[in-house]
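Enquirer: Could you have a look at this structure, given as structure tokens, before my questions?
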Amino acid sequence: MGNDIAQAGFDPLHPSTTPTPIAPVTVASNDSITLQSDFNMNGTVDDPVAEGQQHEKVIYSYDGSKYEVLRNGTPFLTNVQSFSLSYYIGSSTTPTTSVLSSQFKDVRKVKVIWTQSAGSKTERQEFEVAIKNYRG
Ligand SMILES: [Ca+2]
């Protein structure tokens, strides 16, 4: 998941801000994120991709009723008791869970927190990932 976030916005055919490069993030909510890139370097985000190619659109979402985090519809984490995403916008040093669509291009870093249970144990994971292809 960290790699998917870090690589989002990979778009070597659009190195400057004109024409507009591919936005790394197109959905940024508290329990779901959609990332996109141009890994096969054909200038567009392919969804679906050809067989054997890396997904260019990646969606992580939390299904609380099943305690699962899905990656493109396939279970990625199970026994997940809580899952939350928050976002650093532009130069802000405080993450927010409320991102306007006009701010998606300004998502600079993503904070991920989840708790997972196994028997009587609960494990908490927390990390932040910078979007390496952030262009603001
Ligand atoms: Ca592509």
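Enquirer: Determine whether Thr26 is part of a strand (DSSP E or B), in contact (Cβ under 8 Å) with a residue 60 or more places away in the chain and within 16 Å of the ligand (Cβ to nearest atom).
Expert: Details: part of a strand (DSSP E or B): yes; in contact (Cβ under 8 Å) with a residue 60 or more places away in the chain: yes; within 16 Å of the ligand (Cβ to nearest atom): yes.
Yes; evaluated as a whole, the condition is true for this residue.
Enquirer: For segment 110-123, give me each residue that is under 20 Å from Ser61 (Cβ atoms) and either acidic (Asp, Glu) or without any contact (Cβ under 8 Å) to a residue 60 or more places away in the chain (or both).
Expert: Within segment 110-123, the first condition is being under 20 Å from Ser61 (Cβ atoms), and the residues that meet it are 110-117.
Across segment 110-123, the qualifying residues are Lys111, Ile113, Trp114, Thr115, Gln116, Ser117.
Enquirer: Next question, about the same structure. Let me confirm something: among Ala50, Ala23, which residue is touching a strand residue (DSSP E or B) at 6+ places or on another chain (Cβ under 8 Å), modelled with pLDDT under 95 and farther than 19 Å from Glu126 by Cα? Even if it seems obvious, please write down each step before you answer.
Expert: Working: Ala50 fails: touching a strand residue (DSSP E or B) at 6+ places or on another chain (Cβ under 8 Å).
Testing whether each residue is touching a strand residue (DSSP E or B) at 6+ places or on another chain (Cβ under 8 Å), modelled with pLDDT under 95 and farther than 19 Å from Glu126 by Cα leaves just Ala23.
Enquirer: What residue, among those in segment 52-70 that are more than 14 Å from the ligand (Cβ to nearest atom) and part of a loop (DSSP other than H, G, I, E, B), is surrounded by the most Cβ atoms within 10 Å (Cβ to Cβ)? It would help to see each step written out before you state the result.
Expert: In the first step, residues of segment 52-70 are kept if they are more than 14 Å from the ligand (Cβ to nearest atom); the result is 59-70.
Applying the additional criterion that residues be part of a loop (DSSP other than H, G, I, E, B) yields 64-67.
Numbers: Gly64: 12, Ser65: 6, Lys66: 11, Tyr67: 17.
Result: Tyr67.
Enquirer: Right, here's the next one. Do we find a residue being in a loop (DSSP other than H, G, I, E, B), touching a Gly at 6+ places or on another chain (Cβ under 9 Å) and away from the ligand (no atom under 14 Å from the Cβ) anywhere in segment 29-45?
Expert: Checked against the condition, which is being in a loop (DSSP other than H, G, I, E, B), touching a Gly at 6+ places or on another chain (Cβ under 9 Å) and away from the ligand (no atom under 14 Å from the Cβ), segment 29-45 yields at least one hit.
Enquirer: Here is a further query. Residue by residue through segment 96-132, note down the ones that are assigned to a loop (DSSP other than H, G, I, E, B) and crowded, with 18+ Cβ neighbours inside 10 Å.
Expert: Step one: filter segment 96-132 for residues assigned to a loop (DSSP other than H, G, I, E, B), giving 97-100, 119-120, 131-132.
Val99, Ile131, listed by residue number.
The values are calculated or read from the model by the stated rules, or taken from the named source; none is laboratory data. In this text, all values refer to a predicted model and were calculated from it rather than measured experimentally. In this analysis, Cβ positions are derived from the backbone assuming ideal geometry, glycine residues included, and neighbour counts consider all displayed protein chains.
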